[in-house]
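Trainee: The structure's right below; bear with me while I get my questions together.
The values are calculated or read from the model by the stated rules, or taken from the named source; none is laboratory data. As the structure is a computational prediction, the values presented were derived from the model and not from experiment. Positions of Cβ are generated from backbone atoms using ideal geometry, with glycine treated the same way; all protein chains shown enter the neighbour counts. Remember, those area values only see protein heavy atoms, side chains included, never the ligands or the DNA or RNA. Shrake-Rupley method; radii C 1.70, N 1.55, O 1.52, S 1.80 Å.
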Amino acid sequence: MDYKKLADLLYPNVDKTIDDYEKMYPERNLSEDAIVARFAPSPTGRMHMGNLFASFIPETFAHQTNGIFILRIEDTDDKRAIENGTELILEDLKAYKYKVDEDPINGGAYGPYIQSKRKDIYSTFGKYLVSIGRAYPCFCSEEEIAHIREIQTEKKDRIGYYGKYAKCRNLTYEEIEEKIKNNEPWVLRLKSNGDFNRKIIFKDLIKGTIEIPENDIDHVLIKSDGIPPYAFAHVVDDYLMRVTHVTRDDSYISSVPYHLEIWKSFGFKVPKYAHILPLNKKEGETIRKLSKRKDPEAAVSFYNERGIPEEAVKLYFATLLNSNFEEWYNANPNSNISDFTFTFDKMSKSGSIFDIDKLISISKTYFSRLKAQDLYNLIIEQSKQNNNQ
């Protein structure tokens, strides 16, 4: 098949190339060891302790290396987005004195920083994959996909669009052209080269070396509305924003083979991945994820109302980030977080238990080290905040 001809058929209005975007978003003028990292939430409302901690990690590593911390809003898949969601997230980050270098409100040279505004960019990158034979249009309806899953379930096969189940993978150009002329909706799928019986080995900055089966599923890269799911969007965005380190929830580990296949299909240098475990809560003998719906202490407002200052919360985060921070902090009473050098190898591989009593203890230590005037100013500031609530 003439893949370039197919790419022009699918994306007739795309006139930019990846080279064009690389010129628009060149390599950053930073030192070799500088970290460029991002926090990429959905605009669903105020921050909670889980994502406040998740954002503390990239912000800390970026700035201790004189790098860049980006706030990028991933609004392509989430139907729970609310009005002013981005503003609320930025407001909470700044309340905790996180330094956000680039964001959707204040901008930056590598934006837009909202995924729904990057549709033309995704189309260009999708068109390129078609042109080299690594992506193809799929015209299967939701009903057909559901039927495939039913068959796989009956046969106890793996669920997914792959191998003999990838009905549209081998359509001819003429068949595709006919469907396009008939205005049949389509999604763009990756044409995977993987073999599930083989394994890939990759190094995670926290968990070390991980061995996992290759991806062989022809996942959806771009939906019928032209907007991509997380996987394709994050590869394109991280590449153009020149992100060097991706810190994210460890639930994404199973998707790493797919994500790496996208990176390598473009020939891009893969960023370093650090998969973090969520904050947990111990209830009796059980341990579960800290929940913003079940646990009042998950809300940021919980601490404001109890007079626990933002800096004390960040000090507690620092103890969770690196196991040796607390000992260092106790031995250096005149120092602050920015004086400590954090490393990925000191991060927990098994998850952290959120301990409110320890946070209160750290808060007391923080108060005891404040000068009288600073303590007075902090009390006045918190009093004003509580009166305004």
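Trainee: Mind checking which pairs have a first residue in segment 189-211 that is touching a residue at least 24 places away in the same chain (Cβ under 8 Å) and farther than 24 Å from Y161 by Cα and a second that is among the aliphatic types (A, V, I, L, M) and part of a loop (DSSP other than H, G, I, E, B), Cβ under 7 Å, 6 or more apart or different chains?
Mentor: I206/M347
Trainee: If I ask for residues that are under 13 Å from the mean Cα position of the chain (by Cα) and crowded, with 20+ Cβ neighbours inside 10 Å, which ones from segment 219-238 would you list?
Mentor: Matches in segment 219-238: F232, A233, H234, V235, V236, D237, D238.
Trainee: Sticking with this structure for a sec: From the list G160, G194, which residue is open to solvent by less than 30 Å² (accessible area, probe 1.4 Å), at positive phi and modelled with pLDDT of 95 or more?
Mentor: None of the other options fit; the residue is G160.
Trainee: While we're on this one: Any chance segment 197-205 includes a residue that's open to solvent by 30 Å² or more (accessible area, probe 1.4 Å), within 21 Å of C138 (Cα to Cα), part of a loop (DSSP other than H, G, I, E, B) and not charged (D, E, K, R)?
Mentor: Looking through segment 197-205, none of the residues is open to solvent by 30 Å² or more (accessible area, probe 1.4 Å), within 21 Å of C138 (Cα to Cα), part of a loop (DSSP other than H, G, I, E, B) and not charged (D, E, K, R).
Trainee: Since S141 meets every condition but one in (1) open to solvent by 20 Å² or more (accessible area, probe 1.4 Å); (2) at pLDDT 95 or above; (3) under 25 Å from R242 (Cβ atoms), which condition does it not meet?
Mentor: (3)
Trainee: I've got another one for you. Quick one: what pairs do we get from segment 117-132, first residue within 16 Å of G267 (Cβ to Cβ), second open to solvent by 70 Å² or more (accessible area, probe 1.4 Å) and modelled with pLDDT of 95 or more, C-beta under 8 Å, 6+ apart or different chains?
Mentor: The qualifying pairs are T124/K16; V130/Y3; S131/Y3; S131/K4; I132/Y3.
Trainee: Looking at segment 69-100 only, could you name the residues that are closer than 28 Å to E27 by Cβ, open to solvent by 30 Å² or more (accessible area, probe 1.4 Å) and under 17 Å from the mean Cα position of the chain (by Cα)?
Mentor: Listed by number, the list holds a single entry, D75.
Trainee: Check off (1) open to solvent by less than 50 Å² (accessible area, probe 1.4 Å); (2) under 30 Å from S251 (Cβ atoms) for Y366 and give me the number that stays unchecked.
Mentor: Just one mismatch for Y366, condition (2).
Rundown of residues vs (1) assigned to a helix (DSSP H, G or I); (2) touching a helix residue (DSSP H, G or I) at 6+ places or on another chain (Cβ under 7 Å); (3) at pLDDT 95 or above; (4) within 30 Å of Y3 (Cβ to Cβ), yes/no style:
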site: I70; (1), (2), (3), (4): no, no, yes, no
site: D77; (1), (2), (3), (4): no, yes, no, yes
site: E83; (1), (2), (3), (4): no, no, no, no
site: S123; (1), (2), (3), (4): yes, no, yes, yes
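Trainee: Answer yes or no as to whether I148 is surrounded by fewer than 15 Cβ atoms within 10 Å (Cβ to Cβ) and β-branched (V, I, T).
Mentor: Working: surrounded by fewer than 15 Cβ atoms within 10 Å (Cβ to Cβ): no; β-branched (V, I, T): yes.
So I148 fails the test.
Trainee: Next question, about the same structure. For a quick check of your reading of the model, give me the residue pairs whose first member lies in segment 151-169 and is in contact (Cβ under 8 Å) with a residue 24 or more places away in the chain, whose second is open to solvent by 30 Å² or more (accessible area, probe 1.4 Å) and part of a helix (DSSP H, G or I), with beta-carbon atoms closer than 8 Å and at least 6 apart or on different chains.
Mentor: Y161/I145; K167/E144
Trainee: Among the numbered criteria (1) among the acidic types (D, E); (2) touching a helix residue (DSSP H, G or I) at 6+ places or on another chain (Cβ under 6 Å); (3) surrounded by fewer than 14 Cβ atoms within 10 Å (Cβ to Cβ), which single criterion is violated by E214?
Mentor: (3)
Trainee: Still on this structure: Can you spot a residue in segment 17-26 that is in a loop (DSSP other than H, G, I, E, B) and farther than 27 Å from A135 by Cβ?
Mentor: Looking for residues that are in a loop (DSSP other than H, G, I, E, B) and farther than 27 Å from A135 by Cβ, one finds none in segment 17-26, hence no.
Trainee: What pairs can you find where one residue is in segment 347-372 and over 12 Å from P278 (Cα atoms), the other is part of a helix (DSSP H, G or I) and of a type outside the set (A, V, I, L, M), and their Cβ atoms are less than 6 Å apart, with a gap of 6+ or different chains?
Mentor: Short answer, once both residue conditions are applied: I356/E297; L359/Y316; I362/Y316.
Trainee: Picking from F61, F56, F39, which residue would you name as being of a type in the set (F, W, Y), open to solvent by less than 40 Å² (accessible area, probe 1.4 Å) and in contact with a Ser or Thr (Cβ under 6 Å, 6 or more places away or on another chain)? Steps first, answer last, please.
Mentor: On the way: F61 fails: in contact with a Ser or Thr (Cβ under 6 Å, 6 or more places away or on another chain); F56 fails: in contact with a Ser or Thr (Cβ under 6 Å, 6 or more places away or on another chain).
Residue meeting the stated conditions: F39.
Trainee: Give the residues of segment 273-297 that are more than 30 Å from V130 (Cα to Cα), part of a strand (DSSP E or B) and either at pLDDT 90 or above or in contact with a strand residue (DSSP E or B) (Cβ under 8 Å, 6 or more places away or on another chain) (or both), sorted by residue number.
Mentor: Those that are more than 30 Å from V130 (Cα to Cα), part of a strand (DSSP E or B) and either at pLDDT 90 or above or in contact with a strand residue (DSSP E or B) (Cβ under 8 Å, 6 or more places away or on another chain) (or both): A274, H275, I276, L279, N280, K281, K282, I287, R288, K289.
Trainee: What residue, of V300, V270, is under 25 Å from Y113 (Cβ atoms), out of contact with any strand residue (DSSP E or B) (no Cβ under 6 Å at 6 or more places or on another chain), at pLDDT below 90 and among the hydrophobic types (A, V, I, L, M, F, W, C)?
Mentor: That would be V300, the only listed residue that is under 25 Å from Y113 (Cβ atoms), out of contact with any strand residue (DSSP E or B) (no Cβ under 6 Å at 6 or more places or on another chain), at pLDDT below 90 and among the hydrophobic types (A, V, I, L, M, F, W, C).
Trainee: Could you list all residues from segment 267-292 that are buried (at least 17 other Cβ atoms within 10 Å of the Cβ) and within 22 Å of G194 (Cα to Cα)?
Mentor: P271, Y273
Trainee: Follow-up question, since we're still on this one. Could you grab me the full set of residues in segment 49-68 that are over 16 Å from the mean Cα position of the chain (by Cα) and over 16 Å from F344 (Cβ atoms)?
Mentor: M49, N66
Trainee: Can you find a residue in segment 312-324 that is open to solvent by 60 Å² or more (accessible area, probe 1.4 Å) and either part of a helix (DSSP H, G or I) or over 30 Å from T244 (Cα atoms) (or both)?
Mentor: The answer is no; no qualifying residue exists.
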